[in-house]
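Remarks on the structure that follows.
The values are calculated or read from the model by the stated rules, or taken from the named source; none is laboratory data. In this text the structure is predicted, and so the values were computed from the model without any measurement. Glycine gets a Cβ as well: all are built from the backbone with ideal geometry, and neighbour counts include every protein chain shown. To get the accessible areas, we keep the full protein, side chains included, count just its heavy atoms, and leave off ligands, DNA and RNA. Shrake-Rupley method; radii C 1.70, N 1.55, O 1.52, S 1.80 Å.
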Amino acid sequence: EDPALVGRLGSAFIRAVQEGGVLATGKHFPGHGDTNIDSHLDIPLISGDRQRLEQVDLVPFRMAIQSGVGAMMTAHVAVPALEPNVGLPATLSPLVLHTLLQQELGFSGLVVTDSLTMAGLARDFWTGDAAVKAFNAGADMLLDPPNPDVVYAAILEAVKAGVISQERLDGAVVKILNTKARLHLPEEKQVDLSGISRVVNSPENQQVAQGMADASVTLLRDPKNLLPIDARKIRSVKVFLVLSRDQQEDTAIFQQEFRARMEDVSFEVISTAATDSHLTQIFNKAKQQDLLLCVVFARLVTGTGSIGLPEKLAGWINRVCSLDRPTVVLALGSPYVLRQFPNPPASICTYSNADVSQRSAVKALFGEIPIKGKSPVSIPGVARYSDGIDRPRLDMTLVSAQGTQWGDRFKSLDLLMKESIGKHVFPGGTVAVGYRDQLVYSKAFGHFEYDSNSPLVANDTLFDLASLTKVVCTTTLAMHLFEKGLLDLEYPVKRFYPGFDGSGKERITIRHLLTHSSGLPAHLHFYRDTQGKAAFVQKIIQTPLEFQPGTKAVYSDLGIILLGDILEKLAGKPIDVMGRELIFEPLQMKHTLFNPLPEIKGAIAPTERDPWRGRLVQGEVHDENAFAMGGIAPHAGLFSNTGDLAVFCQMFLNGGVYDHHRIVKQSILEAFLTRQNMPPGSSRALGWDTPSEGSSAGILFSDRSFGHTGFTGTSMWMDPSRQLFVILLTNRVYPTRENNGIQEVRREVADAVVKAVEGEQ
């Protein structure tokens with residue numbers, strides 16, 4: 001369509017390939033782009049006149065020759081403008097190969113025929129005769145003969161008979177030997193096959209290839225803005241993988257990548273072998289999905305005589321497109337297949353079904369990458385050259401929207417925080433509020449200590465989260481292992497501790513630990529005579545129950561410590577490593593960690609002047625049991641700030657995904673956040689709490705809300721019905737834990753936030 005562009009890109013490819021020590025071959029001379037017959041099946045006719053050849057077909061070849069291309073492959077096509085004898089294909093024509101290619105265009109490299117087995121040549125010429133004619137026309141190498149012995153004998157006989165001159169034969173042999181010498185083949189005749197992948201498929205090359213594939217994805221139609229798919233809103237997708245070749249396309253990468261982003265997705269592979277009854281059956285299923293996606297694997301395959309899908313499959317896709325359902329047609333391969341679908345609700349193409357293209361397609365569908373590709377060709381009835389709809393990357397992050405409007409609404413919250421500091425409920429704190437995907441409030445108050453000369457609290461000040469560790473880290477990891485099938489909520493705890501039985505202990509399950517209904521005591525001062533996680537676990541196993549499992553709900557650190565140990569056994573990794581790899585790093589929570597390094601101590605709010613440790617606790621976990629366990633514990637030990645926790649909360653409100661990183665499936669999230677009624681009337685979900693009379697959620701958060709608190713003066717509540725979260729971090733245990741004014745302040749903060757976002761003053 002644009003000969004100069006073809007020449008420019010082709011020349012760049014030639015230079016790069018040959019600089020890398022590989023022989024580049026321009027093909028198929030003098031042009032094979034404007035044909036309606038596959039030369040594997042017959043001889044195509046190039047009907048344009050010489051002027052058209054000069055303006056179109058020959059332009060890229062001239063540029064390739066100027067770029068130093070090492071070889072040129074011939075085409076089995078009839079070109080009357082160059083060879084009057086239409087029965088003589090270009091491969092056998094001296095006028096094409098010698099006069100035009102070598103004399104007029106000045107090409108002195110290797111001339112190689114296309115395969116001698118192709119019907120475009122073999123149907124009308126005996127192999128030996130074709131070989132001699134091609135050689136005399138100017139071809140130096142005879143490619144892929146059906147019988148090499150026949151060709152060898154024919155060439156030898158032609159030389160003996162003087163049909164082929166010795167000079168012509170020697171010239172071709174010298175060309176071949178010189179080419180081998182330039183490629184250093186005389187020094188190393190064998191290719192190290194084991195090294196190919198290391199060189200060609202290097203991480204650097206993969207990265208470049210992926211970037212090219214990402215940039216090439218082209219959106220050609222989408223009047224209803226179906227794309228990108230928002231995984232926060234679309235719950236179910238039906239994907240039809242339509243194969244143009246019967247079961248010969250590898251769809252594994254596409255399915256794997258799609259499943260990682262969409263929980264409720266089902267795949268149906270449809271090939272040319274599909275029966276009418278099967279197509280009718282799956283068509284009827286398509287009517288019940290939120291989104292339908294027809295993925296067409298239609299590569300151009302030489303020798304088949306066709307491009308695209310059989311009419312039966314194309315007609316079936318058009319029936320799907322006519323349904324009153326959001327439908328997207330994705331062409332993974334030849335974009336020309338889209339000609340078969342005149343009016344799809346949306347159409348998008350990748351030009352390839354390579355692994356990188358399958359990944360790019362999924363990323364583009366979900367908005368992880370912007371769509372900015374332009375069609376390099378015209379697709380009649382579908383797109384013009386350079387068409388393509390731009391779509392920006394789908395932003396799934398928390399956007400800051402703080403300003404005068406929100407500042408006015410939150411005046412009562414400002415006043416509440418300042419009054420609380422004045423009453424010595426806590427020396428300092430930070431509050432963050434997210435509402436409808438926006439961070440509408442983020443403010444710091446007070447000082448590290450009640451001394452006005454102590455450091456001011458800032459929005460990035462780190463606080464000891466205390467029991468928020470239970471939900472931010474431990475419960476989220478339990479969700480992950482449950483999703484992977486490694487954790488069952490009905491597993492008995494004795495499965496992991498054979499001696500854990502007697503007095504009802506054998507009935508305790510993982511669900512009991514997560515709902516604080518195991519019967520284990522709330523808290524015991526093990527730290528006074530116990531050091532290390534293993535010793536703590538052994539102590540807990542030996543601790544008598546205070547009530548029978550499932551009969552009461554008593555908030556228990558001991559049960560969560562056992563749960564954390566079980567998670568480590570199942571995953572084979574420490575809980576801090578799992579938290580970092582599965583939660584904090586994917587969410588870019590760079591300031592959420594256990595055991596902060598001493599050099600950042602000055603950025604951490606102090607907690608208590610601890611009589612047991614005999615010092616002010618700052619930068620080390622306040623909870624004595626967690627401290628005695630080494631600072632890394634399932635029930636306490638995390639440090640963080642409101643910035644990181646805001647991302648965590650938004651991930652939950654997004655249904656388990658943030659910035660296209662899915663941390664947990666939405667169905668798992670919802671299951672864990674549902675009240676368990678263990679025992680009946682308990683407000684506990686799995687790991688999390690839900691609103692109840694007198695809870696820190698206040699009286700305005702909805703029944704669908706969930707949250708948790710931390711002993712040091714922290715709390716976090718989320719309300720999915722409002723798309724709202726509030727985070728309160730304080731160091732209320734400074735200088736002593738005896739002050740309990742935080743209980744009422746938490747409720748007042750929650751209510752003030754709801755009133756602010758709903759416009760109440």
- Message: Against the definition (open to solvent by 10 Å² or more (accessible area, probe 1.4 Å) and either hydrophobic (A, V, I, L, M, F, W, C) or at pLDDT below 95 (or both)), how does Gly109 come out, yes or no?
- Response: no
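Conditions (1) outside any helix (DSSP H, G or I); (2) out of contact with any Ser or Thr (no Cβ under 7 Å at 6 or more places or on another chain); (3) more than 24 Å from Phe648 (Cβ to Cβ); (4) β-branched (Val, Ile, Thr), marked per residue:
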residue: Leu415; (1), (2), (3), (4): no, yes, yes, no
residue: Val425; (1), (2), (3), (4): yes, yes, yes, yes
residue: Ala432; (1), (2), (3), (4): yes, no, no, no
residue: Asn453; (1), (2), (3), (4): yes, yes, yes, no
- Output the residues belonging to the stretch 659-682 that are in a loop (DSSP other than H, G, I, E, B) and within 20 Å of Lys470 (Cα to Cα). Ile663, Val664, Lys665, Leu673, Thr674, Arg675, Gln676, Asn677, Met678, Ser682
- Task: Just name the residue that is farthest from the chain's Cα centre (by Cα) out of those in the stretch 183-220 that are over 30 Å from Arg384 (Cα atoms) and in contact (Cβ under 8 Å) with a residue 40 or more places away in the chain.
- Result: His184
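Quick grid of which residues meet (1) in contact with a Lys or Arg (Cβ under 6 Å, 6 or more places away or on another chain); (2) touching a residue at least 40 places away in the same chain (Cβ under 8 Å); (3) surrounded by fewer than 24 Cβ atoms within 10 Å (Cβ to Cβ); (4) among the charged types (D, E, K, R):
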{"position": "His447", "(1), (2), (3), (4)": "no, no, yes, no"}
{"position": "Asp451", "(1), (2), (3), (4)": "no, no, yes, yes"}
{"position": "Val457", "(1), (2), (3), (4)": "no, yes, no, no"}
{"position": "Asp464", "(1), (2), (3), (4)": "no, yes, no, yes"}
{"position": "Phe482", "(1), (2), (3), (4)": "no, yes, yes, no"}
{"position": "Pro492", "(1), (2), (3), (4)": "no, no, yes, no"}
{"position": "Lys505", "(1), (2), (3), (4)": "no, yes, yes, yes"}
- Members of the stretch 644-692 that are closer than 23 Å to Ile229 by Cβ and of a type in the set (Phe, Trp, Tyr): Phe652, Tyr658
- Note on the structure: So the strands (runs of 3 or more DSSP E) completely within the stretch 215-305 holding 1 or more residues that are surrounded by fewer than 17 Cβ atoms within 10 Å (Cβ to Cβ) are 236-243, 264-270
- Over the stretch 705-715, the set of residues part of a loop (DSSP other than H, G, I, E, B) and open to solvent by 10 Å² or more (accessible area, probe 1.4 Å) is Phe711
- Considering only the stretch 68-89, state which residues are assigned to a loop (DSSP other than H, G, I, E, B), over 20 Å from Glu54 (Cβ atoms) and modelled with pLDDT of 95 or more. Gly68, Gly70
- Message: I need a count of the residues in the stretch 462-518 that are closer than 30 Å to Arg259 by Cα and part of a strand (DSSP E or B).
- Response: 0
- Task: State whether one or more residues within the stretch 683-704 are open to solvent by 10 Å² or more (accessible area, probe 1.4 Å), in a helix (DSSP H, G or I) and among the polar types (S, T, N, Q).
- Result: no
- Has the stretch 430-443 got at least one residue that is at pLDDT 95 or above, open to solvent by less than 40 Å² (accessible area, probe 1.4 Å), touching a strand residue (DSSP E or B) at 6+ places or on another chain (Cβ under 9 Å) and more than 30 Å from Gly656 (Cα to Cα)? no
- Query: In the stretch 572-588, is there at least one residue being surrounded by fewer than 19 Cβ atoms within 10 Å (Cβ to Cβ), more than 30 Å from Ala231 (Cβ to Cβ) and within 31 Å of the chain's Cα centre (by Cα)?
  - Reply: yes
- Task: Filter the stretch 643-675 down to residues that are open to solvent by 40 Å² or more (accessible area, probe 1.4 Å) and touching a residue at least 40 places away in the same chain (Cβ under 8 Å) and give me whichever is nearest to Gln548 (Cα to Cα).
- Result: Ser667
- Query: Inside the stretch 221-264, can you point out the residues that are without any contact (Cβ under 8 Å) to a residue 24 or more places away in the chain and either hydroxyl-bearing (Ser, Thr, Tyr) or closer than 23 Å to Val382 by Cα (or both)?
  - Reply: Asn225
- In the stretch 445-499, residues that are within 30 Å of Met678 (Cβ to Cβ) and small (Gly, Ala, Ser) total 5
- Going through the stretch 519-547 one residue at a time, which ones are open to solvent by less than 60 Å² (accessible area, probe 1.4 Å), in a loop (DSSP other than H, G, I, E, B) and closer than 25 Å to Gly631 by Cβ? Leu520, Pro521, Ala522, Leu524, Thr530, Gly532, Thr543
- Message: Suppose we filter Gly550, Gly602 for residues that are at pLDDT 95 or above, open to solvent by 20 Å² or more (accessible area, probe 1.4 Å) and assigned to a loop (DSSP other than H, G, I, E, B); which single one remains?
- Response: Gly550
- In the stretch 183-207, anything surrounded by 12 or more Cβ atoms within 10 Å (Cβ to Cβ) and either of a type in the set (S, T, N, Q) or not in a loop (DSSP other than H, G, I, E, B) (or both) is listed as Gln206
- Test Gly630 against the criterion of being open to solvent by 10 Å² or more (accessible area, probe 1.4 Å), more than 17 Å from Leu468 (Cα to Cα) and either among the aromatic types (Phe, Trp, Tyr) or out of contact with any Asp or Glu (no Cβ under 6 Å at 6 or more places or on another chain) (or both), and give yes or no. yes
- So Leu558 clears everything in (1) open to solvent by less than 30 Å² (accessible area, probe 1.4 Å); (2) more than 20 Å from Leu477 (Cα to Cα); (3) part of a helix (DSSP H, G or I) except one condition, right? Which one? (2)
- Message: Residues to consider are Leu9, Leu58, Leu53, Leu5; find the one that is within 20 Å of Pro376 (Cα to Cα), in a helix (DSSP H, G or I), among the aliphatic types (A, V, I, L, M) and open to solvent by less than 20 Å² (accessible area, probe 1.4 Å).
- Response: Leu58
- Query: When you scan the stretch 69-106, how many residues do you find that are surrounded by fewer than 16 Cβ atoms within 10 Å (Cβ to Cβ) and either among the hydrophobic types (A, V, I, L, M, F, W, C) or in contact with a Ser or Thr (Cβ under 9 Å, 6 or more places away or on another chain) (or both)?
  - Reply: 3
